[in-house]
Amino acid sequence: MARAVSVRVLDAPFHIDHPFDYALPDYLSDLARGTIVSVPFGRGDRPVFGIVMGEATPDRDVVLKPVLSALDPAYALDGEMLGLSLFLSDYYLCSLGDAVRCVLPPAVFASLGQNIYRVPYCTPVLTGEALHTLLGGKTLRSDAHKRILSYLAEHGTVPRSDLCRDLAVTPAQVSALAAKGYLTLEERETLRNPYADLARERDRREIHLSRAQMRAFETLAELQDTGEAKAALLHGVTGSGKTQIMLKLIDRTLAAGRTAIVMVPEIALTPQTVRIFCARYGERVAVIHSSLSAGERFDAWRRIRRGEVDLVIGTRSAVFAPLKNIGLIVVDEEHEHTYKSEQDPKYRTHRVCAYRAGVHHALVVLASATPSFESYYAATHGRYTLVPLTERFGGAKLPEAEIVDMRQELRAGNVSPLSHTLYDALAEVKERGEQAILFLNRRGYHASLQCRNCGAVLNCPHCSVALTLHTHPTPHLLCHLCGYRAAPPRACPECHDGRLSYVGYGTEKVESEVEGHEGHLTVLRMDADTATGKQVYDRMLDSFRRGEKDVLLGTQMVTKGHDFPRVTLVGVILADTGLYANDFRASERTFSLLTQVIGRAGRANAPGRAVIQTFSPANDVIRLAKAQDYVAFYESEIKLREQLCFPPFCDLVSLTLTSRDEGRLQEAIGRCADLAKSLAGEKYADTPLTLFGPLEAQVYRAAEQYRMRLVLKCRWNARSRAFVRELLLFASGLRGVSAAVDVNPLHA
C-alpha cells in the first residue's frame, strides 16, 4: 500500500479545519508528527502549509494528492508545542492554523533565506615568521593594514564588523588585504541578538532582601521545591521590591539547571528593564517582543530551540518560547490587558502559563500591586498561593494623595484642565529641581466637535465613533479606529450652522496649558502620536530619566513599569475617564490605573505626592485608589460581581459576526440566535447557560464593517464549548459574514 500521512492544513477555515490525507512520494522519507509540509489544497491545488498529524490509511480506491515538500525538521513542532497548539484550537475555538502561527515565529512560514542573517568573517592567511617578515618589510606601507593583520594574528577568525569597530578601520581597507591574499573573507550565518551589548555589562551583585521580601521568597521557593505545577500571586504595593524577589528566584531556578520565562507588558519592556536581566545573566538571555524585526525574532527562537538560552524575557508571545525543562514562569503586572490577545487565538496568557506549567511541573508567579479580580479570587480561595508584600522596599513611604474637586474649580472660574492645587504643586517641584508625571488617558487636543445648534457630533464616516481634534503638524480631525483624517469643517454637516464647539481635552491640550503657564515648565508628551516606535519610546524615557524635562505627560504609557528616582509628584488630570464606561470591568480598570500611576511618585528618598483631579470626588473607586487600599476595593466590588454573576463567578463568551452588508449581518445574527435558543432548550438543556442578544458590539461599525454579537454566561467547560462550537460552525458557513469567538473578552 502506498504511504500516506494525515495533514491539518493551516489555511483551512474553521468549518473545514480537520485532517486531510495526502500521499507521501518516494523522494520524501517518513515524516514525523509535527513536521511542516507544503501540500496542494482546494480546486486549484494551491500550495499551502500544513502540519503532519501522523500516518494515514486511506481506502485503496481513493486517489490522494501528494505532499509537495517538507520543511527542515528543525522547524517542526515537538510534542509539547503541537499539544499546546491543539489545546489553543480546542479551548479558544480557533483554527489549528491560527494556533500554530501563534506558537511559531512568522519567519518559519516566510522565505527562510530572507530571514537567515549572514555576515563576513575575516581569517588570517599569514602567521608566525611569514607574518613577521611582511609586517617588518616595505610591502605594506599602510599602518591600518598592519594593525588589521596583527589583530587577526592575535584573535584568529573574527567578524569583519568587530574588527572594524575595534580598530576604527573601514571595510574597504579589509577588502584590500583580502584582494592581495593576506586574509580571506567568508560569509557565515549569524544569529542576531540586538541585546548582545547589554549582556556584556556584567552585574552579578548579591541581592539583599528585606525581611518581608525574604518571607515572600522563601514561600515561593517552597512551592517550587514541591516538584508539582503550582501558582502563586505576589501581591505587593507599588515599589515593594517585587523585581528583587523575581531575580533571586530566577537565580535559584537557573542554578538548579532549569529554565525560566519572565513576561512584562509591552509598555514596561524598556531598556532599563532588559538591562537588569541581560547584565545579570549574560548571553544566555533571549528577548522577545513585537518591535523586533521578523529576522531578529526568528534568531531568538532558534537560539532558544538550540538550547543556547536559559532565560526568556518578553511580552505576551514569550509564553510560547520553546524552552526545555521550565522551572519558573513569571507574569509581571499580571493585571495588564495586554496579556489578553485580541487576534485569533484570543488567548489569555495566564491560561497558557497554566498549560506549560502542568507539562513542566513549574511554578507560575503572577505579580501585581493591583491584581486582576480573577487572580485575587483564585488566591483567596486556595487555587493560588497568596504572597503579600505590604510595605515599600527600603522604608520608602507611599505617596500622600489628595483629591481635587474640579466642580469647585469651575465655580471659581478655572476652565483649565489643571487645578490651582496641581499648578502650585508643579511649581514646587520645579523649584526643588525634581520631576513630575501627569496622566491623562486621552490623546489629541479636543475629544470631539459638536454643533451648538442641532447638537450633532461629527463622527467618522467609516466608524461609529467621534472624530478627535489633533493639532500637530496642522489642525485635523482623526479617527482613532481606522485612521481617517479630515480638515475641521467651517459649518455643521447636518444643519450647516457655523456655531461649532470643541468638547473635552486630551494630552495635546494639557501640554499646551502646562508649557504656557508662568511656571516655565518643560514637558515631554508621551502618547501614541509622539512615541511612534520602540526606539522613540525608549529614547524619550532615557531623556526624562536624565532630567532633560520637568514633566512627563502621557496616557497609559506613563503609568506602569517605570522607576524614576527624581519623580516626587504625580497628577491625574481626569480620574473619571473610563469610570462610567459600559463595561463591568470599568471600576477595576480605573482603580488599577490610578493606583499604578500614583505609585510612580516617591520611589527614592524624597517623599511623594499625588493630586487626583475628578468631577466625582465621593466615588468609592477614586477614594480607595487614593488610599491605595486594594483589599477594601476588591471586597466591595466582588460582592457586586457575585450578585450579578460576572467573572470570576462565571465565564463570558461572545460570538461576534462581522459583515460589510448590514442587512446580511442582521439576518445572520438572527439565524444564529434562533439556533442558540433551540440548542440551549433541547440538546444542551442539561448545561447551565444564559444567553444575551443579538446585541450591537460596543463599536457597531469599524472601518466599514458592521458587528453584532451573542453573549453567553456559562462555565467554560467541554459541554459549553461544544455548544458554542456548533454555533460557530453554523455561522462560519454563512456567506458574506465572518464569525469569531472570544472567551472572557476584554470589553464585555
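The values are calculated or read from the model by the stated rules, or taken from the named source; none is laboratory data. Keep in mind that this is a model prediction, so the values were computed, not measured. Backbone-built Cβ (ideal geometry, glycine too); neighbour counts: all protein chains shown. SASA here: full protein model, heavy atoms, side chains in, ligands and nucleic acids out. Shrake-Rupley method; radii C 1.70, N 1.55, O 1.52, S 1.80 Å.
Phi angles of the range 430-441 translate, via the Karplus equation with coefficients 6.51, -1.76, 1.60 and θ = phi - 60°, into HN-Hα couplings of 4, 5, 8, x, 9, 10, 9, 10, 10, 10, 9, 8 Hz per residue; Gly and Pro are given as x. Measuring only protein heavy atoms, the 1.4 Å probe finds TYR339 accessible over about 0 Å².
From the alpha carbon centroid of the range 408-476 to that of the range 29-43 is 56 Å.
Which residue, GLY483, HIS381, LEU149, has the largest displacement toward the positive end of the dipole of the chain when charges sit on each Cβ (Lys, Arg +1; Asp, Glu -1)? With unit charges placed on the Cβ atoms, the residue in question is LEU149. Report summary: the helix-based calculation at 222 nm, which adds -39500 (n - 2.57) for every DSSP H run with n ≥ 4 and divides by the residues of the chain, gives -10000 deg cm²/dmol. In the range 688-748, with Lys and Arg counted as +1 and Asp and Glu as -1 at Cβ, which of these residues, VAL737, SER720, VAL699, has the Cα nearest the positive end of the dipole, that is, farthest along it? Of the candidates, SER720 comes out farthest on the positive side.
Our summary of shape: the Cα atoms of the chain have principal axis extents of 91, 80, 62 Å, ordered from largest down, in whole angstrom. Share of carbon and sulfur in the accessible area of the chain stands at 50%, probe radius 1.4 Å. Annotation: aspartates and glutamates with alpha-carbon distance below 17 angstrom to LYS138 (same-chain offsets under eight excluded): GLU129. As a rough guide to protection, the peptides 276-288, 40-52 ranked by mean Cβ packing within 10 Å, highest first, stand as 276-288, 40-52.
If you scale each eigenvalue of the Cα gyration tensor by 5 and take the root, what three semi-axes come out for the range 282-335, rounded to whole angstrom and sorted largest first? Display every interim value, and only then the final one.
Details: eigenvalues 57, 46, 16 Å².
Rounded to whole Å, the semi-axes are 17, 15, 9.
Restricting attention to the chain, close to 55% of DSSP beta bridges with both partner residues there are antiparallel.
State, as an integer percentage, the relative contact order of the chain based on alpha-carbon contacts under 8 Å between residues 6 or more apart.
10 percent
Put a plus charge on the Cβ of each Lys and Arg, a minus charge on the Cβ of each Asp and Glu, and nothing anywhere else: the dipole of the range 320-363 about its Cα centre is then about 280 debye. A Cβ-based charge dipole, computed about the Cα centre of the chain with Lys and Arg at +1 and Asp and Glu at -1, lands at about 660 debye. Just the Cα atoms of the range 518-633, one point each, no solvent: what log10 I(q)/I(0) does Debye give at q = 0.13, 0.18, 0.19, 0.22 Å⁻¹? Taken in order of the listed q values, log10 I(q)/I(0) reads -0.55, -0.99, -1.08, -1.29.
Quick check on my link table: of LYS509/LYS560; LYS248/LYS639; LYS242/LYS397; LYS242/LYS560, which ones sit more than 25 Å apart, alpha carbon to alpha carbon? Numbers along the way, then the final one.
Values: LYS509/LYS560 23 Å; LYS248/LYS639 37 Å; LYS242/LYS397 16 Å; LYS242/LYS560 14 Å.
As for pairs spanning more than 25 Å Cα to Cα, those are LYS248/LYS639.
About its Cα centre, the dipole of the range 334-477 is roughly 500 debye, where the only charges are +1 on Lys and Arg Cβ and -1 on Asp and Glu Cβ. Counting only residues at least eight positions apart within a chain, or on another chain, the aspartates and glutamates with an alpha carbon under 13 Å from that of LYS677 are GLU726. Here, the range 409-512 yields an orientationally averaged convex hull projection of 8.4 nm² when only Cα atoms define the hull. The HN-Hα couplings worked out from phi for the range 716-725 by the Karplus form 6.51 cos²θ - 1.76 cosθ + 1.60 (θ = phi - 60°) are 6, 10, 4, 6, 5, 5, 4, 4, 5, 4 Hz, whole numbers, x standing for Gly and Pro.
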